[in-house]
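Enquirer: I have a structure here, written as structure tokens, and I will follow up with some questions on it.
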Amino acid sequence: MTRLLCAGALAVAAVVLALPSQVPTLAADTPESPRVKATREKMLPAKLKLDIDKKMLRAIITDDLPAAVKEATMLTLRIEPAPGAGVTLTSSFELKGEMTLEQALNKLCEDKAWGWYVNVAKPGDQKDGAIFLTTNSKERGYKEGTGSGAGKEVAKKDEPKAKGKEKEKEVAKKDEPKSPDGERAAADLLTKARIQNNLNQADRAKATLNEIIEKYPDTKAAADAKKLLEKIGK
């Protein structure tokens with residue numbers, strides 16, 4: 001009996017040791033909460049009038065930018081370094097003139113080769129919808145490996161290398177079913193195109209918009225892509 005009890009205790013200990021030490025993050029395909037959507041759709045494109053002259057990052061992200069966003073949208077913005085990212089809060093920056101929140105964040109990150117993304121957390125989490133600053137320069141709006149960031153590598157792999165691949169694209173377009181996944185993929189590409197346009201990357205924005213129209217012609221994002229394409233100019 002004693003041997004059996006000892007064996008059972010060892011088995012339980014082995015299971016406990018095998019459990020992950022950290023709480024798992026949300027899956028990349030988790031639907032975005034209203035708070036995350038408000039950050040992406042209302043706060044990031046909000047026009048801000050800034051007059052920040054060589055001020056430390058800590059004051060900019062805790063006072064200046066949240067106050068400007070509050071004035072423009074009546075929404076509460078939360079910006080902070082991502083946990084363990086090593087972002088230096090004592091660095092000084094200058095932000096002057098009229099710009100969107102998205103453009104302001106990009107300016108903060110460009111000189112330091114930093115990145116930023118909208119945090120997607122569990123429902124009710126205080127940091128859901130917050131903006132996290134990181135030392136990963138690849139991150140712009142989405143955490144690397146999620147959202148439109150994940151779609152970049154797929155787009156590169158699927159890009160045709162010869163004219164002969166055009167027929168395959170047409171077949172794929174006809175066979176592609178209209179589904180929630182298609183709507184989401186198209187919406188992610190549309191967000192990517194808007195970011196590219198705001199960064200004055202007109203050619204890249206046009207290419208992304210045309211990709212939406214070709215791959216997801218029956219989605220709402222495709223209709224919006226056509227309108228944006230007309231504004232940019234074909």
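Enquirer: Looking at segment 174-182, is at least one residue at pLDDT below 85, more than 19 Å from Thr146 (Cβ to Cβ) and in a helix (DSSP H, G or I)?
Expert: Taking segment 174-182 first, the residues at pLDDT below 85 are 174-182.
Narrowing the set further to residues that are more than 19 Å from Thr146 (Cβ to Cβ) leaves 174-179.
From the residues that got through so far, the ones that are in a helix (DSSP H, G or I) too are 174-175.
Among the residues of segment 174-182, at least one is at pLDDT below 85, more than 19 Å from Thr146 (Cβ to Cβ) and in a helix (DSSP H, G or I), which makes the answer yes.
Enquirer: Please specify each residue of segment 123-145 satisfying the condition of being out of contact with any strand residue (DSSP E or B) (no Cβ under 9 Å at 6 or more places or on another chain) and on the phi < 0 side of the Ramachandran plot. Give the steps one after another, and end with the answer.
Expert: Step one: of segment 123-145, the residues out of contact with any strand residue (DSSP E or B) (no Cβ under 9 Å at 6 or more places or on another chain) are 123-126, 128, 145.
Of everything in segment 123-145, those that are out of contact with any strand residue (DSSP E or B) (no Cβ under 9 Å at 6 or more places or on another chain) and on the phi < 0 side of the Ramachandran plot turn out to be Pro123, Asp125, Gln126, Asp128.
Enquirer: Could we say that Leu77 is touching a residue at least 24 places away in the same chain (Cβ under 8 Å), buried (at least 20 other Cβ atoms within 10 Å of the Cβ) and assigned to a helix (DSSP H, G or I) here? Break it down stepwise before answering.
Expert: On the way: touching a residue at least 24 places away in the same chain (Cβ under 8 Å): yes; buried (at least 20 other Cβ atoms within 10 Å of the Cβ): yes; assigned to a helix (DSSP H, G or I): no.
For Leu77, the condition - touching a residue at least 24 places away in the same chain (Cβ under 8 Å), buried (at least 20 other Cβ atoms within 10 Å of the Cβ) and assigned to a helix (DSSP H, G or I) - is not met.
The values are calculated or read from the model by the stated rules, or taken from the named source; none is laboratory data. Please read all numbers here as calculations on a predicted model, not as lab measurements. Ideal geometry is used to build each Cβ from the backbone, glycine not excepted, and the neighbour counts take in all protein chains shown.
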